[in-house]
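J.: Here it is, the structure in full.
Every read-out reported here was derived from the displayed coordinates using simple, explicitly stated rules and does not represent laboratory data. All figures in this text were calculated on a predicted structure; none of them were measured in a lab. Here Cβ is always computed from backbone atoms with ideal geometry, including for glycine, and neighbour counts include all displayed protein chains.
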Amino acid sequence: MTDLFTQLITPVLAEEGGYTNNPNDAGGETNFGVTAAVARANGYQGPMASMTRVDALAVYRNCFWEKSGIVAVSVVSPRLAGQLLDCAVNMGVPTAAELLQRALNVLGPSVSIDGDLGPQTLAALKAYLARRGAIGETVLLKSIACLRGYKYIALAESNPNDKSFVFGWIANRVAIPA
């Protein structure tokens, strides 16, 4: 049986693809969506072009699942964890957390916008879902998708290099998990 992390990261890996070193990408050299900086910070020391799927999965599990707090969100809402995981991989963990916090602030309990998926955010999420139920989860997912789309457009407006990526980001990243 496949664990939830593996189920959620599989489509992310498919979207991220393999090795790239696009001069327009602020992330620089990447493989399976893992930037060289993130790889190094998580113990991978080899050439980025040689990073394997297993290496990338180890980085994602450590950095983007366990340390990020998304694993705790997955206990409350696997769908939300999937969206946050994809967002964290594509935009960074603090951005994923901030988008959730901003959405919670307008939909339910107030929470500090600090980019941390810690106990305060988890408590606000639990309170919101207890009050709003399944439809609340869907509205929260839609809200985060809207915020992601807006953020992608703002990035492309402020950095001409990002214009080459924005179509794909919106086509493939602004979605609500099933």
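J.: Quick one: give the max-minus-min coordinate of the C-alpha atoms of region 105-158 along each principal axis, largest first, in Å.
T.: So the extents along the principal axes, rounded to whole Å, are 38, 24, 14.
J.: Sticking with this structure for a sec: Show log10 I(q)/I(0) for region 1-157 at q = 0.17, 0.18, 0.20 Å⁻¹, two decimals, from a solvent-free Debye sum over equal Cα scatterers.
T.: -0.99, -1.08, -1.27
J.: Please give the peptides 80-87, 42-49 ranked by average Cβ packing (other Cβ atoms within 10 Å per residue), highest first, as a rough proxy for protection.
T.: 80-87, 42-49
J.: Using the Kirkwood formula over every pair of different C-alpha atoms, what hydrodynamic radius in Å results for region 70-178?
T.: 14.0 Å
J.: What residue among Asn21, Asn62, Asn159 has the largest mean-square fluctuation in a Gaussian network model of the chain, using Cα springs under 10 Å?
T.: It is Asn159.
J.: Sorting check: for 90-102, 136-148, 165-177, which peptide has the highest mean count of neighbouring beta carbons within 10 Å, and how do the rest follow?
T.: Per-residue mean Cβ counts within 10 Å order the peptides as 90-102, 136-148, 165-177.
J.: From the Cα trace of region 1-67, what convex hull volume per residue do you get, rounded to a whole Å³?
T.: So the per-residue hull volume is 85 Å³.
J.: Taking the chain as the reference, fit the longest principal axis to its C-alpha atoms, fit the long axis of helix 163-173 to the helix C-alpha atoms, and give the angle between the two in degrees, 0 to 90, nearest 10.
T.: That works out to roughly 50 degrees.
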